[in-house]
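Notes to accompany the following structure.
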Amino acid sequence: MTRQTSGALGIFSDLQQTVEAIHELPKRGFPNFIVQSPIPDHELLEAIASKKSPVRRWTLAGGILGCLSGFALTIGTSLDWPMQTSAKPIVSLPPFIVIAFELTILFGAIATLAGFLFHSRLPRFSSDVVYDPRFSEGHFGIFIECDASRATLATRTLEELGAGEVRCE
Amino acid sequence: MDEQSMSEKSLPQDQPVTYAQVNRDILRTIAPPGKAYYLTLAVVILVLCWGAYAWSVQIRTGLGVAGYTLSVRWAVYIVNFVFWVGIAHSGTLISAILFLFRARWRTAVARGAEAMTVFAVMTAGLFPLIHLGRVWNFYWLMPYPNQRGLWVNFRSPLIWDVFAVSTYFTVSAIFFYIGLLPDIAAARDRHDCGWRSVFYRILAMGWHGTGRQWIHYSSSYLFFAALATPLVISVHSVVSWDFAMALVPGWHSTIFAPYFVAGAIFSGLGMVLTLIIPVRKLMRLERYITIKHFEALAKMILFTSMIVTYAYVVEFWTAWYSGNMFEKDTFWNRAFGHIGPLFWVMVLCNSAIPLLLFFKKICTHLGWLFAISIFINIGMWLERFVIIVGSLSHEFEPWAWTTYRPTWVEISITLGSFAWFFLWFLLFVKHLPVVSITEIKEAIPRTAREVEVATA
């Protein structure tokens, strides 16, 4: 996400044209741009990203931490006050597995949330984000960040690629 | 735009709809409400206040105001707890498990079902506090270091419950919120001023639907669904083990985990129908929530009903086959003893009436479906009552057999808990999109989509 907001914002009304524009822009000398969409369309996302989201690593780390925490909590507290109950061992793994499982899921979910927020740069309340309210409705946006010297070229390129409207920010 | 007076057949559900129209139709549901809504809200709040008053009487006076007897040590409060946790499971099934199975029909009902899950878990979470009596000691359930060196008993299913239900609430709430995020952004973009503008702006957290955000969103949504799926199975298994880990005849059975999970999904689907059928009608969402969706729900209800029926039969058969005197007697009492009438009403509601769903005419008729859903809600509440109170009132020693009657306090708190649930659901339907805008748009086929240039 960019703080500096000078560039050209193209507003597209067709998904297919947007996807084609995403493929075409690097060839026209604009490899860096931000796409905005009302839906997570598969083709669109594949056109943008070459690698998978790193959120999965957060999920894995959270899950492992949760599992270890669950066993640490249950085993640690059992050994801290080793109360004998019937013929059961002090460290009774079957019931402890239940606690460890729940904490695996809990920590995994919280870590996934944290990873999502971190990588998506949320929450973000600043007003310098280039946006049009139509992007949550039915339109798609491609914002090419560039200085004034390339703005005309960027505008023309976006129009050629099918943008119904181009705004210079 | 569809008029409310149009019949089901003439609704242009198969005609292409634009993205902008989806936004309009669904965001219209969060427009400021009319008198009928406020009246309903007022009634619900009144009942809730009465339930809260009854709880205050119990806190001041003690658990003696509840109808507990010598042997029936768990009653209506635990019945309510299990009932509400069970209802929550169906929402996660629809939103998470059906997402993993790529069942496309889930989109129309997933949001309402997820909301039902979160509010049902919130309602369920009240009851471990209510049934404590000395509710101010609730923190003893948490493992915190203290000067007495005491820890909670991790071998007890009651503590597993604390972890399971807390985890379930947290994960469901996160899943619900993340799913809502793009829709909240859509609501934010429609409101320029007033408290709603601030409300949606804060909740949207600055979501702008950039490609990067969607990539991380899709990935995290998939992982939430994948984490929630084993959670659904585990939580109600853990709740069922509150009973199965005890030695009480009628409780101590290995079938309890799958029995309760299937029963939970069954009861939750019933509640989904009870909620979604009126919401669809009152909010004019016939275009998005179609008869096909209800048919799919009806099929799942029929399937889970048959699993529950199987579990009933197996329980009785196992008791007989075991030759165990106490086990046989408990089940004889369940069918023919003092709890018998409730048992047979339960069988009628859970096993017999859902068989009507074998008929397509009934599966596709909303009046029938709504009526059947009410019977399911009643039947599943009674199932937990029959299992908990029925078994406890007729344990090993005849001198300890008692009959249990709920008192006004327990009935009031039960009604109050229903009011609590409906209060949250009422607030939800008028402040957040009740159908997932983003997922509906995703489901619109590209070839049929016309894009409308938005006017002011």
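One table, with the values for the structure above:
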{"item": "Neighbouring partner chain Cβ atoms per residue of A:136-146, average, 10 Å criterion", "result": "5"}
{"item": "Rounded to the nearest 10 Å², the accessible area of residue A:122 at probe 1.4 Å", "result": "20"}
{"item": "Shape of the range A:21-169, Cα gyration tensor, a/c cut at 1.5", "result": "prolate"}
{"item": "Computed E for residue A:17/residue A:90 - FRET, C-beta separation, R0 56 angstrom, nearest 0.05", "result": "0.25"}
{"item": "At most 15 other Cβ within 10 Å, DSSP loop - chymotrypsin sites (Phe, Trp or Tyr not before Pro), the range A:91-169", "result": "A:125"}
{"item": "Per residue accessible area of the protein assembly as shown, 1.4 Å probe, in Å²", "result": "44"}
{"item": "Inter-part distance where the range B:168-184 and the range B:315-340 are each reduced to a Cα centre, Å", "result": "44"}
{"item": "Under the span-like rule (Cα at least 24 Å along the axis, Kyte-Doolittle mean at least 0.5), DSSP H helices of chain B", "result": "B:35-61, B:76-92, B:107-130, B:157-190, B:211-244, B:256-282, B:291-322, B:366-385, B:408-431"}
{"item": "Qualifying lysines (Cα of each under 30 Å from Cα of residue A:52; at least 8 residues distant if same chain)", "result": "A:27, B:441"}
{"item": "Between the range B:250-298 and the range B:68-96, the alpha-carbon center distance in angstrom", "result": "16"}
{"item": "Apportionment of accessible area to carbon and sulfur, the protein assembly as shown, percent (1.4 Å)", "result": "67"}
{"item": "Threshold 40 Å², the range B:125-166 residues less accessible with all protein chains present than alone (1.4 Å probe)", "result": "B:151, B:154, B:155, B:160, B:163"}
{"item": "Environment charge of residue B:396, counting only residues whose C-beta is closer than 15 Å and scoring Lys/Arg +1, Asp/Glu -1", "result": "-2"}
{"item": "DSSP loop trypsin sites (Lys or Arg not before Pro) with at most 13 other Cβ within 10 Å excluded, longest remaining stretch of chain B", "result": "B:149-445"}
{"item": "Estimated buried accessible area (total), pair B and A, 1.4 Å, Å² to nearest 100", "result": "5400"}
{"item": "Average beta-carbon neighbours from other chains, 10 Å sphere, peptide B:221-227", "result": "6"}
{"item": "Using a Förster distance of 45 Å, the FRET efficiency for residue B:365-residue A:57 (Cβ separation, nearest 0.05)", "result": "0.35"}
{"item": "Proximal aspartates and glutamates to residue B:360, defined as alpha-carbon separation beneath 14 angstrom and excluding residues fewer than eight positions away on the same chain", "result": "B:295"}
{"item": "For A:30-37, mean number of other protein chain Cβ atoms within 10 Å", "result": "3"}
{"item": "Percent RCO, i.e. relative contact order, over chain B, from Cα pairs under 8 Å lying at least 6 residues apart", "result": "33"}
{"item": "Estimated inter-spin distance, residue B:57 and residue B:144, nm [label 7 Å along Cα→Cβ]", "result": "3.2"}
{"item": "Kyte-Doolittle mean at least -1.0 and Cα axial length at least 20 Å: DSSP H helices in chain A", "result": "A:55-80, A:93-119"}
{"item": "Helix-only mean residue ellipticity at 222 nm for chain A, each DSSP H run of n ≥ 4 adding -39500 (n - 2.57), per residue, nearest 500", "result": "-16500 deg cm²/dmol"}
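The values are calculated or read from the model by the stated rules, or taken from the named source; none is laboratory data. Being a predicted model, the structure only gives us computed values, none of them experimental. Because the Cβ atoms are built from the backbone with ideal geometry, glycine has one as well, and the counts that use them run over all protein chains shown. Accessible surface is based on the protein model in full, side chains and every heavy atom, while ligands, DNA and RNA are left aside. Shrake-Rupley method; radii C 1.70, N 1.55, O 1.52, S 1.80 Å.
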